[in-house]
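Have a look at this one.
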Amino acid sequence: MFSKKKKAPEPIFDVTKKIAKTWWGGTKLIPTTKSEQRKMKAEILRRHPNATVLDSREKKRKDLEWIDRIEEFDAFLND
């Protein structure tokens, strides 16, 4: 009759960009520095210990992940 509540997946936070105000009252995304990323990551992990935080190092690793998959596929076909 009653079922357990399903847990939502842990949130993913991207700290590589931040929102800044423009001269005309609008907003835009600008890149963050490494020190700002470290501070934001520490604050996010303090509030959400199991959250995934994407900083510039993780993004670079994720952007280059496709190369590893191609190399694995190539090695698979060569065997």
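Taking a 1.4 Å probe, which of 54, 45, 77 shows the most accessible area, and what order do the others take after it?
Values: 54 35, 45 65, 77 105 Å².
Output order, biggest surface exposure first: 77, 45, 54.
Also, quick follow-up: Can you run phi through the Karplus equation (6.51, -1.76, 1.60; θ = phi - 60°) for the range 41-49 and list ³J(HN,Hα) in whole Hz, with x for Gly and Pro?
Values per residue, Gly and Pro as x: 5, 4, 5, 5, 5, 5, 7, 10, x Hz.
Moving to a separate point now. If you average 1/r over all unlike Cα pairs in the chain and invert the result, what Kirkwood radius do you get in angstrom?
16.0 Å
The values are calculated or read from the model by the stated rules, or taken from the named source; none is laboratory data. Please read these numbers as outputs of a predicted model, since none were measured by experiment. When the accessible area is computed, the model is the full protein with side chains, heavy atoms only, and any ligands, DNA or RNA have been set aside. Shrake-Rupley method; radii C 1.70, N 1.55, O 1.52, S 1.80 Å.
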